[in-house]
Structure formats: structure tokens, C-alpha cells
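The structure under discussion appears below in the form of C-alpha cells.
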Amino acid sequence: MSQPPISPTPPVPSPQASLDELIGGYRRFRASGWLAERERFEMTAELGQSPHTMIVACSDSRVDPQMILGARPGELFVIRNIANLVPPFEHDAAHHGTSAALEFGVRSLAVKNLMVLGHGMCGGIRALLTGSPPDSDFLERWIAIAAPARARTAGVEPLEARLKACEEEAVRLSLANLMTFPWIAEAVEAERLALHGAYFDIRHGVLSILGADGTFSPAAT
């Protein structure tokens, strides 16, 4: 039996072609996006930013919180890292980029909402379950933050179902870790700050919200 033809691999654009595409996007922004939001940009430039919500999201190129949530400039203060993880509070001499951003958003900007946004097909969670690259300098230690989520979903089969379960559990874990930061816990208890969990299905474009019962349900459309 003859084998079906192999679909050609899409060409990888050259660095210059990629840069030209970005500059083209900038030109479109100047021609439309900037004009539509110019007044808002100028206002935030004069008065400073005052976002109402902070988002902890994944660095995945397919998951853009501002696009998913339809936010305008100045509304969201966004932290992006591998697998949208929040580490537990650690007060030491190490570098803590995510923790520093959390502190700035909560203590300096006084955001009212803090959302952990997980997503489907997360490469960081897949590495957690199947192994990180052998030459990794930083990835393995970072994703180890989610080791408790891996343990809690160990019995889920098959692998694809376990990946989704672990992606969702990592959101719950990060929310729990947020409460180890004293100034976050204090703000939540004083009802100045509300914590939220969400999960974005890349394949179908569906956003689910973590409810009080600990389960994710699609947001109303």
C-alpha cells in the first residue's frame, strides 16, 4: 500500500522577515490602534497607570491576556512566565522576578483583582510531566514549583487528560501560593483584593473560570 504524501513543513521565516513583519504590525498599530486609543495612552502617560487587575499568565505565544479579555491599554498589569506559576513567598537574597512584580502590583499599584490564567497545551506543564530538556539551566528548577500539582494528578490517564488536569491544578496551586505572601493575604482578608483562577482552551477559544467549588466552568458568552 502506498504511503500518503507527507505535508510540507511550513517555511521558517528568516530573522529579517520576522522583523519586517513586526514593523508592519507597528505600522498598522500607528494607523489604527494608536488613533483609536490615543487619548487613553496620553491620559495614562500624564497620570500614570492604574490597572484594576493583575494577571499571572504563561509566556506561551498563543496566550495573550489582553487579547483574550479584550482589555484596553492601562487596564491590566501582566506577569508572564513559564506555566503561569506563582512560587511560594521566599524572603532571601535570590532574584525573584515574579514575586517582585506581584509586590509592585499589589503594594504600589493597589490592583483590585489578581487572576492566575492557565491554558491548554502548556509546554511547561508537559515538561513537568514528561521531563525537561537535558541541557536545561533554569527550566527544571522553575517548573518544580508545580511538583505538588503533578503529584495530585498522578492517577489521571491517559497522558492528555493528565496534562489538562495538571494545568488546572497548577492554577489552584498558584492561588494557594499567592496566599503565602503576607501583604496579599492581608489585602484579601481586608477585601481590598480578590483572587481568581481561569483556564483558556487554545483549541476552542473558551475561557473557564474557577468557581468556589474548585471546578472550572466556561465563562458566559
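What follows draws every value from the coordinates through simple rules; no lab data is involved. Bear in mind that the values here come from a model prediction, so they are computed numbers and not experimental data. Heads up, the Cβs are rebuilt from the backbone with ideal geometry, glycines too, and the neighbour counts pull from every protein chain shown.
Odds and ends about this structure:
- Of the DSSP H helices in the chain, those with a Cα length along their own long axis of 24 Å or more and a mean Kyte-Doolittle hydropathy reaching -1.0 comprise 159-178.
- Other residues within the sphere of radius under 13 Å centred on the Cβ of Leu47, judged by their own Cβ, net out at -2 (K and R +1, D and E -1).
- Cα-centred dipole magnitude for the chain, charges only on beta-carbon of K, R (+1) and D, E (-1), debye, nearest 20: 400 debye
- Considering helices alone, the calculated mean residue ellipticity of the chain at 222 nm is -11500 deg cm²/dmol, with DSSP H runs of length four and up weighted by -39500 (n - 2.57) and normalised per residue.
- Chain lengthening between Glu75 and Ser217 when straightened (0.36 nm per residue, less Cα-Cα): 48.7 nm
- With K and R counted +1 and D and E -1, the other residues having a Cβ less than 14 Å from that of Glu140 yield a net charge of +1.
- For the chain: rounded, prolate or oblate by the Cα gyration tensor [a/c cutoff 1.5]: oblate
- Distant-in-sequence amide contacts of His196, defined by a placed amide H-H separation under 5 Å and a gap of 5 or more residues or a different chain, comprise Leu114, Met115, Val116.
- The chymotrypsin sites (Phe, Trp or Tyr not before Pro) of region 129-184 that DSSP puts in a loop, and whose beta carbon has at most 11 other beta carbons within 10 Å, are Phe138.
- The GluC sites (Glu not before Pro) of region 112-221 that meet both conditions, a loop assignment by DSSP and at most 15 other Cβ atoms within 10 Å of the site Cβ, are Glu191.
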